[in-house]
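Just so you know, all these numbers are worked out from the coordinates, no wet-lab data involved. As the structure is a computational prediction, the values presented were derived from the model and not from experiment. Virtual Cβ from ideal backbone geometry, glycine too; neighbours counted across all protein chains shown.
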Amino acid sequence: MTENSALNPLRRLLAVGLLWIGATNVALAAVHPGQAELVREVARDTGKNPQALAALLDGAKMQQSILDAISRPAEGKPWKDYRPIFMTPARIDGGVAFYQAHRALLDRVAGEYGVPPQYLVAIIGVETNYGRIVGHYKVLDALVTLAFHYPPRAKFFRGELKTLLELPDSKLAGPLDTLMGSYAGAQGWGQFMPSSIRDFAVDEDHDGRIDLHDSADDIIASIANYFHQHGWESGAPVVARAQPDASAQAVAVKDATPQWPLEQFEAWGYAPLQPLSPGRLTSLQTLQGPSGPEYWFTFQNFYVITRYNRSPLYAMAVEQLAEAIAAGVAQADTAR
């Protein structure tokens with residue numbers, strides 16, 4: 001019997017709050033009233049043993065550090081502070097090395113899904129520094145903490161926890177109680193949430209199991225499939241710099257969805273700084289750069305990157321890192 005199992009009777013007597021052990025940062029949360037309901041739903045929908053599911057959830061720990069981390073995401077920074085996190089010589093060089101090490105696989109997957117290899121590498125670079133930093137939280141701890149102790153997004157994380165419990169073993173890198181990931185419960189080099197594993201992860205190496213921790217084939221192809229399924233347009237632009245004139249009209253943009261033809265922005269006083277095909281739907285992002293506002297036309301492929309992470313700062317970091325990696329690979333090829 002584990003320590004947590006022995007404490008379960010006490011935990012169920014606690015309606016709310018935390019039981020702190022000494023001055024440590026390890027907290028045992030009271031069993032949430034929604035836990036039993038979740039177990040019933042998963043057991044009903046999958047036929048899994050409810051006692052085994054309850055034991056898994058009983059073994060999870062509420063982590064205050066997870067709640068602290070989700071309250072201060074890096075995407076809250078302005079672009080001038082966010083960009084230097086990812087656009088470093090080490091991150092670019094690491095991307096070039098990763099590309100070269102996996103070139104045959106990247107080229108094959110890019111051909112299969114229509115997504116340029118530098119974007120697949122850049123996602124891995126931004127998410128986990130090319131697989132070096134995949135997260136140090138148990139995925140169960142993260143999702144239980146956020147599903148039952150983070151009201152602002154409890155519904156979303158409860159859905160992710162339910163999906164995790166429902167996933168077949170063939171879609172997991174290992175036993176549920178051993179999986180490690182981010183404070184939000186994302187796993188592997190590409191940091192897939194459970195619903196993304198369910199909907200987009202692929203068994204590219206055809207070994208009968210999807211492993212987003214140790215199979216480069218599965219990892220890279222799953223990211224490519226994610227982009228493909230969200231509408232990546234092969235050969236189409238991602239962003240283009242825009243220059244407003246002195247009388248440019250302010251444009252209210254809710255998200256990165258392309259909504260207006262390029263000509264409309266030109267009529268509003270925004271000129272592209274590179275040739276672009278007329279009639280293409282676009283949106284406009286205004287980012288606070290080190291020298292003042294930066295204006296960017298963003299297209300369908302930029303929108304696709306925001307399906308991976310909704311922040312336009314994230315999408316722009318992926319775009320610029322991808323371009324730097326592609327340039328570095330081309331330079332290395334020329335030098336040979």
Completion exercise
Once normalised by the length of segment 239-298, the mean sequence separation of its alpha carbon contacts under 8 Å that are 6 or more apart gives a contact order in percent of 45 percent
Practice task
Using packing as a proxy for protection, rank 181-193, 143-155, 100-112 so that the peptide with the highest average count of other Cβ atoms within 10 Å comes first.
Solution key: 181-193, 143-155, 100-112
Exercise for the section: Obtain the nm distance between the two label points defined at Phe156 and Gln259 by a simple spin-label model: each point lies 7 Å from its Cα along the Cα-to-C-beta direction. Expected result: 2.0 nm
Practice task
Arrange Phe98, Phe156 by Cβ neighbour counts within 10 Å, fewest through most, would you?
Solution key: Phe156, Phe98
Problem - Of [x] -0.40; [y] -0.27; [z] -0.35, the label for log10 I(q)/I(0) by the Debye sum over Cα atoms at q = 0.07 Å⁻¹ derived from the coordinates - result: [z]
Practice task
Classify segment 239-298 as rounded, prolate or oblate, taking a ≥ b ≥ c as the square roots of the eigenvalues of its Cα gyration tensor: rounded when a/c is under 1.5, otherwise prolate if a/b is larger than b/c and oblate if not.
Solution key: rounded
Handout entry: GNM result for the chain, Cα springs below 10 Å: residue of Gln229, Gln63, Gln320 fluctuating most strongly
Key = Gln229
Fill in the blank from the handout: Relative contact order in percent for segment 23-162 (Cα pairs under 8 Å, 6+ apart) equals 26 percent
Exercise for the section: Pop the C-beta distance of Ser291 and Arg108 into the FRET formula with R0 = 45 Å and round what comes out to the nearest 0.05. Expected result: 0.65
Handout entry: Cross-link table Lys61/Lys138; Lys155/Lys254; Lys48/Lys171; Lys48/Lys155, entries beyond 18 Å C-alpha to C-alpha
Key = Lys155/Lys254; Lys48/Lys155
Fill in the blank from the handout: For the chain, averaging the sequence separation of alpha carbon pairs under 8 Å that lie six or more residues apart and dividing by its residue count, the contact order in percent is 16 percent
Exercise for the section: Would you look at the GNM of the chain, springs on alpha carbons closer than 10 Å, and say which of Gly47, Gly231, Gly131 moves the most? Expected result: Gly47
Fill in the blank from the handout: The answer for Tyr137, listing residues at least 5 apart or on another chain whose modeled amide H is closer than 5 Å to its amide H, is Gly181
Exercise for the section: Report the extension gain between Ser71 and Ala52 in nm, rounded to one decimal, defined as 0.36 nm multiplied by the number of residues separating them, less their alpha carbon distance. Expected result: 3.6 nm
Practice task
Could you work out which residue, out of Val253, Val139, Val318, moves most in a Gaussian network model of the chain, that is, has the largest mean-square fluctuation with Cα springs under 10 Å?
Solution key: Val253
Practice task
Going by C-beta contacts inside 10 Å, put Glu37, Glu160, Glu166 in order with the fewest on the left.
Solution key: Glu37, Glu166, Glu160
Practice task
Quick one: which residues, 5+ away or cross-chain, put their amide H under 5 Å from the amide H of Leu172? H built at 1.01 Å from N.
Solution key: Ile210
Completion exercise
Once amide hydrogens are built 1.01 Å from N within the peptide plane, the residues lying 5 or more places from Gly289 or on another chain with amide H under 5 Å from its amide H are Glu294
Exercise for the section: Would you mind calculating the gained length between Asp214 and Lys61 on full extension (0.36 nm times residue separation, minus the Cα-Cα distance), in nm to one decimal? Expected result: 52.5 nm
Problem - Between segment 80-117 and segment 280-336, the Cα center-to-center distance that results, in Å - result: 13 Å
